[in-house]
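To start, the structure under review is shown below, and the notes come after it.
The values are calculated or read from the model by the stated rules, or taken from the named source; none is laboratory data. Here the structure is a predicted model, which is why all the values come from computation and not from measurement. Every residue, glycine as well, gets a Cβ built from its backbone with ideal geometry; the counts of neighbours run over all protein chains shown.
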Amino acid sequence: MSRRSLFLGALIVAACALPFLVSSYRTFQLTLVLVYAIALLGLNILTGYNGQISLGHGAFYALGAYCAAILIDKAGAPYWAVVPAAGGVCLVAGFLFGLPALRLEGLYLALATFALGVAMPQLLKYHHLEKWTGGVQGIVIAKPEAPFGIPLDADRWLYFFTLGVTLVMFVLGWNLLRGRIGRALVAIRDQHIASEAMGIHNALYKSLAFGVSAMFTGVAGALGALAVQFVAPDSFGVFLSIVFLVGIVVGGLASISGALYGALFIEFIPNIADEISKAAPWAIFGVFMIGFVYLMPTGVAGAIRVLWRRRSP
Amino acid sequence: MKTRLVCLGAMLAALAIAAAAQNKYDPGASDTEIKVGNTNPYSGPASAYGAIGKTIDAYFRMVNDQGGINGRKVSFISYDDGYSPPKTVEMARKLVEQDQVLFLFQTLGTPSNTAIHKYMNLRKVPQLHVATGASKWNDPKNFPWTMGWQPNYQTEARIYARHILKTRPDAKIAVLYQNDDYGKDYLKGLQDGLGDKARSMIVAEASYEVSDPTVDSQIVQLQSSGANVFFNITTPKFAAQAIRKAYDIGWKPVHYLNNVSTSVGSVLTPAGLEKSAGVISSAYYKDPTDAHWANDPAMKQWQAFMKKYYPEGSLINAFSVYGYTAAATLHEVLRMCGNNLTRENVMRQAASMKGWRVETLLPGITITTSQDDFAPIQSVQLERFNGKQWELFGEVMSGN
């Protein structure tokens with residue numbers, strides 16, 4: 001156990017040192033990795049732990065991003081306040097979406113969430129909402145500067161801000177999943193009749209899982225909007241939702257650290273694929289994906305766990 | 001004798017140092033290379049536009065084979081953004097901060113360019129000749145590092161307005177437009193072009209959403225307004241529906257169709273070629289399918305270029321003429337920069353083109369810019385569809 005906390009400590013120290021060793025463009029990319037990691041952790045709570053497949057998490061990501069952008073642009077809210085606000089809005093939205101979704105199982109739920117993901121970009125273009133959303137033109141927001149005269153440029157400051165939020169979200173997720181709630185979620189996934197017999201309120205837990213999952217994704221969306229400084233309907237196509245799903249499967253289902261590996265994968269592999277071939281970047285991406293799934297059937301996190309066990313008898 | 005030689009040597013050395021001192025560079029430029037960055041949608045819903053990026057890449061391979069520009073090779077670095085604005089931001093930052101390009105050129109898409117607009121101007125890196133028709137790229141006061149290239153939507157609409165005023169002073173105009181910034185840009189151009197008469201002449205306006213299945217009801221509504229001129233601001237699918245529906249219900253106004261939807265293959269053929277006869281639109285570069293240009297030397301040259309440097313491209317793809325023409329414009333800008341390859345000078349030279357033209361543009365269309373005019377191409381020529389192909393008519397008209 002102490003070895004693990006030592007490892008975690010080293011990881012955090014490395015994460016703090018990293019932006020000073022790389023260019024600000026790389027820092028920006030690392031910020032996006034953290035953002036995706038939060039989103040993937042959110043989706044993993046729902047899909048990995050609770051067994052509900054969502055093909056529409058891009059919609060919650062978009063909702064979080066738009067909440068943040070509108071609050072900053074229209075209400076002049078400070079950037080640090082919009083992140084919890086976006087999380088709150090998405091918690092409610094996810095919970096409400098989870099209520100009718102309860103009646104749907106497996107593939108049917110996947111289809112319902114897919115509908116949400118497909119509809120979201122068009123809803124954002126809806127002209128009665130244009131006053132707030134800016135329609136297809138989207139909203140441009142300014143990059144937050146470091147406060148109290150801390151000598152960090154905007155990219156590094158945003159990285160540390162995102163790192164802080166990421167740590168909070170991961171501790172939150174860890175506490176949630178290691179305890180009674182996490183075991184209940186897994187029980188529902190593995191055998192919902194038995195879990196009901198054990199006295200777990202299936203419906204409540206499933207909707208809650210939806211809400212919490214949406215909240216994580218919404219927080220990620222808000223941070224993503226701050227990093228990219230721009231939101232537009234075209235940023236949140238259905239493809240985003242599918243990429244999230246790819247991320248949690250490659251990273252490792254039902255694994256907290258898997259979110260981080262998945263985030264690294266979805267951030268960097270498309271760029272590598274594009275560098276290998278301009279003509280068919282997604283074919284290369286597909287090869288990578290098949291390679292990962294074939295070599296590490298339980299995700300990167302699963303493979304690391306196996307290695308870890310082998311080394312420590 | 002010896003002293004003389006030393007003197008001469010010293011003088012030559014001084015000259016060389018002076019000459020070297022005149023070579024001014026910003027990141028991305030050197031004695032041997034100019035790095036140019038670009039983003040294009042090579043994948044995703046708008047991947048048809050990817051042909052533009054590939055054509056530009058091929059063009060600079062040709063230029064490099066011919067010895068480069070002022071002795072420097074052009075490295076054209078182009079990344080896929082899948083038409084997704086966040087990806088464009090990431091790629092633009094990669095190009096500027098990591099690849100250290102001198103400037104970005106022909107980044108494609110209105111939302112994508114909007115996403116990097118502020119960033120490029122804060123960084124003071126040129127965002128040159130963007131591939132979108134929105135009018136906001138011509139704003140040198142607030143965004144001195146961004147410049148458009150193609151005629152913008154408002155310019156084009158102003159030209160139709162002028163033609164309407166000239167040929168039909170009694171026109172009653174009905175407008176159908178897509179409800180977004182593109183549609184509204186056109187509508188504003190029309191209103192501006194009509195001036196005081198806009199209120200009395202535009203008798204009906206109808207809009208549609210990209211998500212609508214058809215525009216049939218809008219066409220019926222516009223017909224009932226009794227309009228005799230129809231300005232059709234629609235993207236390809238809706239343009240075809242509008243042409244067909246207007247013909248089917250027997251509405252025969254003078255029909256102006258925006259340049260976005262003039263493709264014979266994807267708009268007029270589905271609408272019905274005979275139903276499209278008489279539709280008026282505009283063009284500014286030569287259409288590779290137009291038989292009129294079959295023996296045109298510039299188009300022959302373009303075809304030879306395509307066969308040698310971009311053989312997997314299509315010889316009837318207008319996007320490749322577009323890319324070729326845009327790349328030729330940049331070629332001229334870089335030639336004008338000489339040995340002063342700073343970002344500031346690139347913008348200065350791009351903003352001082354006076355009546356320059358490349359032969360793939362329609363005859364009479366020229367590129368002119370100045371310190372407070374960042375809209376290079378501002379004129380178009382009207383064309384009418386004769387049931388088989390587009391026929392140019394009238395003179396080249398400018399939107400100013």
I'm trying to understand the selection: among the residues of the stretch A:117-132, which are in contact (Cβ under 8 Å) with a residue 40 or more places away in the chain and away from chain B (no Cβ under 11 Å)? A:GLY117, A:MET120, A:LEU124, A:TRP132
Looking only at the stretch B:35-72, which residues are surrounded by 18 or more Cβ atoms within 10 Å (Cβ to Cβ) and either over 30 Å from A:ILE242 (Cα atoms) or outside the structural domain of B:TYR324 (by TED's automatic domain parsing) (or both)? B:LYS35, B:VAL36, B:THR55, B:ILE56, B:ASP57, B:ALA58, B:TYR59, B:PHE60, B:VAL63, B:ILE69, B:ARG72
Could you run through the stretch B:37-50 and say how many residues are of a type in the set (A, V, I, L, M) and either within 12 Å of chain A (Cβ to nearest Cβ) or more than 17 Å from the chain's Cα centre (by Cα) (or both)? 1
Number of positions in the stretch B:187-231 that are of a type in the set (Phe, Trp, Tyr) and within 14 Å of chain A (Cβ to nearest Cβ): 1
If you scan the stretch B:102-118, which residues turn out to be at pLDDT 90 or above and within 12 Å of another protein chain (Cβ to nearest Cβ)? B:ASN113, B:ILE116, B:HIS117
If a residue must be at pLDDT 90 or above and within 14 Å of chain A (Cβ to nearest Cβ), how many such residues does the stretch B:167-185 contain? 1
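To keep it simple, each residue is scored yes or no on (1) outside the structural domain of B:GLY183 (by TED's automatic domain parsing); (2) farther than 19 Å from B:GLY183 by Cα; (3) free of Cβ contacts under 8 Å to residues at least 12 places away in the same chain.
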residue	(1), (2), (3)
B:ASP99	yes, yes, no
B:PHE103	yes, yes, no
B:PRO111	yes, no, no
B:LYS118	yes, yes, yes
B:VAL125	yes, yes, no
B:ASN138	yes, no, no
B:LYS141	yes, yes, no
Residue pairs, Cβ under 9 Å, 6 or more apart or interchain, first in the stretch B:232-259 and under 16 Å from B:TRP390 (Cα atoms), second of a type in the set (D, E, K, R) and part of a helix (DSSP H, G or I). List them. B:ILE243/B:LYS275; B:ASN258/B:GLU156; B:ASN259/B:GLU156
Out of B:THR325, B:THR289, I need the residue that is surrounded by 18 or more Cβ atoms within 10 Å (Cβ to Cβ) and either touching a residue at least 40 places away in the same chain (Cβ under 8 Å) or part of a loop (DSSP other than H, G, I, E, B) (or both). Which one? B:THR325
Going by the structure shown, is B:LYS300 basic (Lys, Arg), in contact (Cβ under 8 Å) with a residue 60 or more places away in the chain, part of a helix (DSSP H, G or I) and not assigned by TED's automatic domain parsing to the domain that holds B:ILE159? no
From the set of residues in the stretch A:271-284 that are surrounded by fewer than 21 Cβ atoms within 10 Å (Cβ to Cβ) and part of a helix (DSSP H, G or I), which is nearest to the other protein chains (Cβ to nearest Cβ)? A:TRP282
Residue satisfying condition, being out of contact with any strand residue (DSSP E or B) (no Cβ under 8 Å at 6 or more places or on another chain) and more than 14 Å from chain B (Cβ to nearest Cβ), within set A:LEU223, A:LEU245, A:LEU240: A:LEU245
Residue satisfying all of: in the stretch B:73-105; closer than 15 Å to B:ILE34 by Cβ and not hydrophobic (A, V, I, L, M, F, W, C); surrounded by the most Cβ atoms within 10 Å (Cβ to Cβ) among these: B:SER78
Residue count, the stretch B:74-101, condition facing another protein chain (nearest Cβ under 7 Å), of a type outside the set (Gly, Ala, Ser) and either at positive phi or in a loop (DSSP other than H, G, I, E, B) (or both), comes to 1
Just one of the numbered conditions (1) within 13 Å of chain A (Cβ to nearest Cβ); (2) in a helix (DSSP H, G or I) is not true of B:PHE143; which one? (2)
Check the stretch A:238-258 and report whether any residue there is over 22 Å from A:LEU34 (Cβ atoms) and either in contact with a helix residue (DSSP H, G or I) (Cβ under 7 Å, 6 or more places away or on another chain) or part of a loop (DSSP other than H, G, I, E, B) (or both). yes
Please return the ranges of strands (runs of 3 or more DSSP E) entirely within the stretch B:171-272 where 3 or more residues are surrounded by fewer than 22 Cβ atoms within 10 Å (Cβ to Cβ) and not aromatic (Phe, Trp, Tyr). B:202-208
State yes or no: is B:THR342 in contact (Cβ under 8 Å) with a residue 60 or more places away in the chain, out of contact with any Ser or Thr (no Cβ under 9 Å at 6 or more places or on another chain) and either β-branched (Val, Ile, Thr) or on the phi > 0 side of the Ramachandran plot (or both)? yes
Does at least one position in the stretch B:310-322 carry a residue that is of a type in the set (Phe, Trp, Tyr), surrounded by 20 or more Cβ atoms within 10 Å (Cβ to Cβ) and not in a loop (DSSP other than H, G, I, E, B)? yes
